[in-house]
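Laboratory data are not the source of any read-out in this text; all were calculated from the coordinates shown. None of the values given here were measured: they were computed from a predicted structure. With ideal geometry, Cβ positions are generated from the backbone for all residues, glycine too; neighbour counts draw on all protein chains shown.
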Amino acid sequence: MLSIKESIALEGQEYKKFMVFMGLELEKDNVFDVVKKLGPAPIYEEGDAAFYNVGVCYHLKNKSGTVKFESGELGGKYHYLLGFVLTKDLDKDHKCGMLGVEIDELSLGGIKIGMQYAKAYKLLPKPLTIFSYGAYHERLNRIKAIDKSYGEVKTYICEEIIFIQVLHESGIVKSVTSSKITTC
């Protein structure tokens, strides 16, 4: 069984709050856990190989936005969650379930849709790449993993990629995304 030790980056930065959303955690829960916890919604699959995407989405009360829980090829056969998206836009590309909450009741990493971008900016881990309609943080961490399968202990160095992005329109947050992918 492969056991990944806690990333050093998570100790010094505010990443953890972006890795859990609505009680679901990236790389720990899967798309089936989402449906069990939040209620019925179709699971969508599209693309193949590196472009394979599987997920589940929910439109929010009063059509105030969409939440998406996504996986992909690196999420494995159980489709472990690799990303969250919280947006004021309605997803028109997929059939989504319905959640009985409005968008202003939800936050990802303390960032709410509709809040001032200047406040959201302060909540993002640094350093940031800034562009005209938002900012993102990405980080590559090397972490140690221990495999205790088959009666012997092997140590691997894995790579963990963390990506967090906030988009805005006229200084008001319209979307927040976080993702985490670990490869060994």
*Work out the charge dipole of segment 2-183 with +1 on the Cβ of Lys and Arg and -1 on the Cβ of Asp and Glu about the Cα centre, then indicate which of Ala118, Ala145, Gly72 is farthest towards its positive end.*
Ala118
*If each of Glu14 and Ala50 carries a label point 7 Å out from its Cα toward its Cβ, how far apart are those two points in nm?*
3.4 nm
*State the Cα centre-to-centre distance between segment 152-176 and segment 50-77 in whole Å.*
15 Å
*Placing +1 at every Lys and Arg Cβ and -1 at every Asp and Glu Cβ, with all other atoms neutral, what dipole size does the chain have around its Cα centre, in debye to the nearest 20?*
460 debye
*Residues in segment 89-116 reached by a label modelled at Ser170 [backbone nitrogen below 20 Å; 7 Å Cα→Cβ]*: 89-90, 103-104, 112-116
*Which shape class, rounded, prolate or oblate, goes with segment 41-90 when its Cα gyration tensor gives a ≥ b ≥ c as root eigenvalues, a/c under 1.5 marks rounded, and past that a/b bigger than b/c marks prolate?*
prolate
*Considering Cα pairs under 8 angstrom that are at least six residues apart, work out the relative contact order of segment 2-183 and quote it in whole percent.*
23 percent
*Where is the GNM fluctuation largest for the chain (alpha-carbon springs, 10 angstrom cutoff): Gly110, Gly75, Gly134?*
Gly110
*asked:* Tell me whether segment 2-183 comes out rounded, prolate or oblate; compute the Cα gyration tensor, take square roots of the eigenvalues as a ≥ b ≥ c, and use a/c under 1.5 as the rounded threshold.
replied: oblate
